[in-house]
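Take a look at the structure set out below.
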Amino acid sequence: MEEKKWWKEAVVYQIYPRSFMDSNGDGVGDLRGIKSRLSYLKLLGIDVIWLSPVYQSPNDDNGYDISDYRDIMTEFGTLEDFDEMLAEAHKLGIKIVMDLVVNHSSDEHRWFVESRKSKDNPYRDYYIWREAKDGKEPNNWGSCFGGSAWEYDQTTDMYYLHMFSKKQPDLNWENPKLRQEVYDMMTWWGERGIDGFRMDVITMISKDQRFPDGVVRGNEKFGDSSPYVNNGPRVHEYLKEMNRKVLSHYDLITVGEAAGVTLEEAKKYANADGSELNMVFQFEHTGGGPEADNHYGKWDSHKMPLPVWKKILSRWQTGLEGKAWNSLFLSNHDQPRSVSWFGNDSEQYREISAKMLGTCLHMMQGTPYVYQGEELGMTNIYFDKLEDYRDIESINYFEEFTESGLMTPEHMMKCLMLRSRDNARTPMQWDDSKQAGFTDGEPWIKVNQNYKKINAAQQLEDPDSIFHYYQKLIRLRKEKDIIVYGEFEPLYREDEQIFAYTRKGDQEKLLTVCNFSDKNAEVEVPEEFKGAECLITNLGRKEFDGKIILNPYEAFVLYYKHQVTEK
Ligand code: GLC
Ligand code: CA
């Protein structure tokens, strides 16, 4: 069995502060708002909050563009509010994880303001500047938010690299001075008492210094930079340095965002020897389809067949066993709502499929992450007008794809409805009052109109609600070690409707069975689980022996403890 650690036993709840709770009626969520809802999270039973960025920012990318790492975004409050929120959370036994966004800063950060002034400015090398090539961009890399990854700057007649928007210039990690600034800033937060870091696109911090052109696929305009940017030549060296200089001095939980990471790379990032991070987020299971790297990338609306999805998750489960640690998630602020994408958000199946998804995820090996509103079964927003969208990625790609003729506006609107990041960013639905109890003013992004039916107040009163089901899933993890540490093994691998797996330890074992389809499904409960105890089920089934017919989206978990026989 795995080595015991508190962060393996914890459940993390992700807050997107802008949309969680507004305390002063300006339509934007804030720190006082979060503080006022901590008791709700305590009731849910989570141990750790991951706060999406709350630092000072001009909000080109909702706080993922930071202009001051040692201050709080004006709209969210003050450092004093932060300290109060942190103290209150700690009082309740809840830890706080900060988002660490250090692949890039805002172009309004003091370092960049200096850097662009002249070629010999002391901050010049904090960023990545290159000369034009044949009168054009230094290479053909595209930015993750559309367009070229290079922006021309007149002042010095050079280009700077930005893997995201042009207001997010990439920091130059080759520069030891920059690295030390980052470590100092992290230490400053460590001393303030925070409990960990979620590291934004951390696998991208080391670039191949040759900056070669990337391969251009299909009818794409830009070259693929990922071989030269993701898991770059020095990334593990940097993380080991960060670990030595900062992380190892505190008892933190650390998770790296690692799109496109392979199993082999993940074993280095999240090595059980503790030399880098505790765990990474891999994104294979959230990909747009088996041909996820076709020319629409994430805008592909095809869903992955269940056997492929199971194979991916099973490979991560068994592949990291004893060597590294998994993080478990179905949604976050960059993904569609999990019940809308992986489940079924129709009136008939929303509740049952949300509970099924929670069961499937929380019984696996790894640290589970619950994204705000997931515990209520909140759904995609399905905006039908471009004006309703706020997300820079959605808006940029709409323009790029429809202008180049790659997609019709109608088709792109459909893709946004399925995949836009704004689906997960609409305000938290607290109750059935105006604006879902999120704000007294005009929210920065529209509230989902289903809030009258789907909201926290209603679910807190209903013992059968998704909220209470999640509460139970979280509690079970605290009661049964096997859920945290047991070894994973998939069953019925090729089944197209059912995801089933066992977890095994010395004395105990667990069986999880989930029907991912909207049809009945037959399953044979293995003989070794005859007479086992049912820990949780979403439809109230009582009999689990032999062949059974599952209802659409039905799920259950069986637990068996061997009697220790005395000699
Ligand atoms: C990460 C964040 C995303 C952000 C991007 C750039 O992927 O999760 O929200 O836009 O990095 O910082
Ligand atoms: Ca506010």
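The values are calculated or read from the model by the stated rules, or taken from the named source; none is laboratory data. What you are looking at is a predicted structure, and each value in this text was computed from that prediction instead of being measured. We place every Cβ from the backbone using ideal geometry, glycine too, and count neighbours over all the protein chains shown. Just the protein is used for accessible areas: all its heavy atoms, side chains included, with ligands, DNA and RNA removed. Shrake-Rupley method; radii C 1.70, N 1.55, O 1.52, S 1.80 Å.
Quick check on VAL229: is it open to solvent by less than 10 Å² (accessible area, probe 1.4 Å), in contact (Cβ under 8 Å) with a residue 24 or more places away in the chain and over 23 Å from LYS95 (Cα atoms)?
yes
Of the residues ASP71, ASP65, which single one is of a type in the set (Asp, Glu), touching a helix residue (DSSP H, G or I) at 6+ places or on another chain (Cβ under 8 Å) and away from ligand 2 (no atom under 16 Å from the Cβ)?
Selected residue: ASP71, the only one of ASP71, ASP65 that is of a type in the set (Asp, Glu), touching a helix residue (DSSP H, G or I) at 6+ places or on another chain (Cβ under 8 Å) and away from ligand 2 (no atom under 16 Å from the Cβ).
Those residues that are part of a loop (DSSP other than H, G, I, E, B), surrounded by 16 or more Cβ atoms within 10 Å (Cβ to Cβ) and either within 16 Å of ligand 1 (Cβ to nearest atom) or of a type outside the set (Gly, Ala, Ser) (or both), I need them from segment 62-103; list them, please.
ASN62, GLY63, TYR64, ASP65, ILE66, SER67, MET73, ILE94, VAL101, VAL102, ASN103
Checking the structure you have, find out if any residue of segment 83-93 is within 16 Å of ligand 2 (Cβ to nearest atom), touching a Leu at 6+ places or on another chain (Cβ under 9 Å) and at pLDDT 95 or above.
Yes, that holds for at least one residue.
Looking at segment 406-435 only, could you name the residues that are outside any loop (DSSP other than H, G, I, E, B) and either of a type in the set (Ser, Thr, Tyr) or within 15 Å of ligand 2 (Cβ to nearest atom) (or both)?
Answer for segment 406-435, where residues must be outside any loop (DSSP other than H, G, I, E, B) and either of a type in the set (Ser, Thr, Tyr) or within 15 Å of ligand 2 (Cβ to nearest atom) (or both): just GLN435.
With respect to TYR371, is the statement that it is within 17 Å of the chain's Cα centre (by Cα) and at pLDDT 95 or above true?
yes
Run down GLY343, GLY373 and say which single residue is away from ligand 2 (no atom under 16 Å from the Cβ) and touching a residue at least 60 places away in the same chain (Cβ under 8 Å).
GLY343
Could you look through segment 532-550, keep only residues that are open to solvent by 70 Å² or more (accessible area, probe 1.4 Å) and assigned to a loop (DSSP other than H, G, I, E, B), and pick out the one that is nearest to PRO490 (Cα to Cα)?
The residue in question is ASP545.
Would you be able to say whether some residue in segment 33-42 is open to solvent by 20 Å² or more (accessible area, probe 1.4 Å), touching a residue at least 24 places away in the same chain (Cβ under 8 Å), within 11 Å of ligand 2 (Cβ to nearest atom) and farther than 30 Å from PHE488 by Cβ?
Taking every residue of segment 33-42 in turn, none turns out to be open to solvent by 20 Å² or more (accessible area, probe 1.4 Å), touching a residue at least 24 places away in the same chain (Cβ under 8 Å), within 11 Å of ligand 2 (Cβ to nearest atom) and farther than 30 Å from PHE488 by Cβ.
Given the structure, is PHE164 open to solvent by less than 50 Å² (accessible area, probe 1.4 Å), within 16 Å of ligand 1 (Cβ to nearest atom) and in a loop (DSSP other than H, G, I, E, B)?
Yes; evaluated as a whole, the condition is true for this residue.
Take segment 106-137 and flag every residue that is open to solvent by less than 10 Å² (accessible area, probe 1.4 Å) and part of a strand (DSSP E or B).
Of everything in segment 106-137, just one residue is open to solvent by less than 10 Å² (accessible area, probe 1.4 Å) and part of a strand (DSSP E or B), namely TYR127.
Give segment 361-374 a look and list any residue that's in a helix (DSSP H, G or I) and surrounded by 24 or more Cβ atoms within 10 Å (Cβ to Cβ), or say none.
The one that is in a helix (DSSP H, G or I) and surrounded by 24 or more Cβ atoms within 10 Å (Cβ to Cβ): GLU374.
For every residue, the table says whether it meets (1) surrounded by 19 or more Cβ atoms within 10 Å (Cβ to Cβ); (2) touching a Lys or Arg at 6+ places or on another chain (Cβ under 8 Å); (3) on the phi > 0 side of the Ramachandran plot.
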{"site": "PRO443", "(1), (2), (3)": "yes, no, no"}
{"site": "ASN448", "(1), (2), (3)": "yes, no, no"}
{"site": "ASP462", "(1), (2), (3)": "no, no, no"}
{"site": "ILE466", "(1), (2), (3)": "yes, yes, no"}
{"site": "LYS472", "(1), (2), (3)": "no, no, no"}
{"site": "LYS478", "(1), (2), (3)": "no, no, no"}
{"site": "GLY486", "(1), (2), (3)": "yes, yes, no"}
{"site": "GLU489", "(1), (2), (3)": "no, yes, no"}
{"site": "ARG493", "(1), (2), (3)": "no, yes, no"}
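Could you give me the residue pairs with C-beta distances under 7 Å whose first residue belongs to segment 96-109 and is among the polar types (S, T, N, Q), whose second residue is assigned to a loop (DSSP other than H, G, I, E, B) and within 16 Å of ligand 2 (Cβ to nearest atom) wherever it lies, and which are 6+ apart or on separate chains?
Qualifying pairs under 7 Å: SER106/SER57.
Determine whether segment 304-312 contains at least one residue that is free of Cβ contacts under 8 Å to residues at least 24 places away in the same chain and either in a helix (DSSP H, G or I) or open to solvent by less than 30 Å² (accessible area, probe 1.4 Å) (or both).
Yes, that holds for at least one residue.
Can you pull out every residue in segment 1-45 that is within 16 Å of ligand 1 (Cβ to nearest atom), of a type outside the set (D, E, K, R) and farther than 18 Å from ASP195 by Cα?
Within segment 1-45, SER19, PHE20, GLY29 qualify.
List the residue pairs whose Cβ atoms are under 8 Å apart, where the first residue sits in segment 17-28 and is open to solvent by less than 20 Å² (accessible area, probe 1.4 Å) and aliphatic (A, V, I, L, M), the second is assigned to a helix (DSSP H, G or I) and within 7 Å of ligand 2 (Cβ to nearest atom), and the two are 6 or more positions apart or on different chains.
Close Cβ pairs satisfying both conditions: VAL28/GLU75.
How many of the residues making up segment 138-157 are charged (D, E, K, R) and either in a strand (DSSP E or B) or surrounded by 21 or more Cβ atoms within 10 Å (Cβ to Cβ) (or both)?
Residues that pass the stated criteria total 2.
So how many residues does segment 326-358 have that are surrounded by 22 or more Cβ atoms within 10 Å (Cβ to Cβ), out of contact with any strand residue (DSSP E or B) (no Cβ under 8 Å at 6 or more places or on another chain) and of a type in the set (Ser, Thr, Tyr)?
2
Specify the residue that is farthest from VAL339 (Cα to Cα); the eligible residues are those in segment 496-516 that are open to solvent by 20 Å² or more (accessible area, probe 1.4 Å) and under 28 Å from the mean Cα position of the chain (by Cα).
The residue in question is LYS504.
GLU284 is checked against (1) of a type in the set (D, E, K, R); (2) modelled with pLDDT of 95 or more; (3) in contact with a helix residue (DSSP H, G or I) (Cβ under 8 Å, 6 or more places away or on another chain) and fails just one. What number does that condition carry?
(2)
Take the conditions of a type in the set (Val, Ile, Thr), open to solvent by less than 10 Å² (accessible area, probe 1.4 Å) and either more than 14 Å from ligand 1 (Cβ to nearest atom) or over 16 Å from SER165 (Cα atoms) (or both) and apply them to VAL48. Does it pass?
yes
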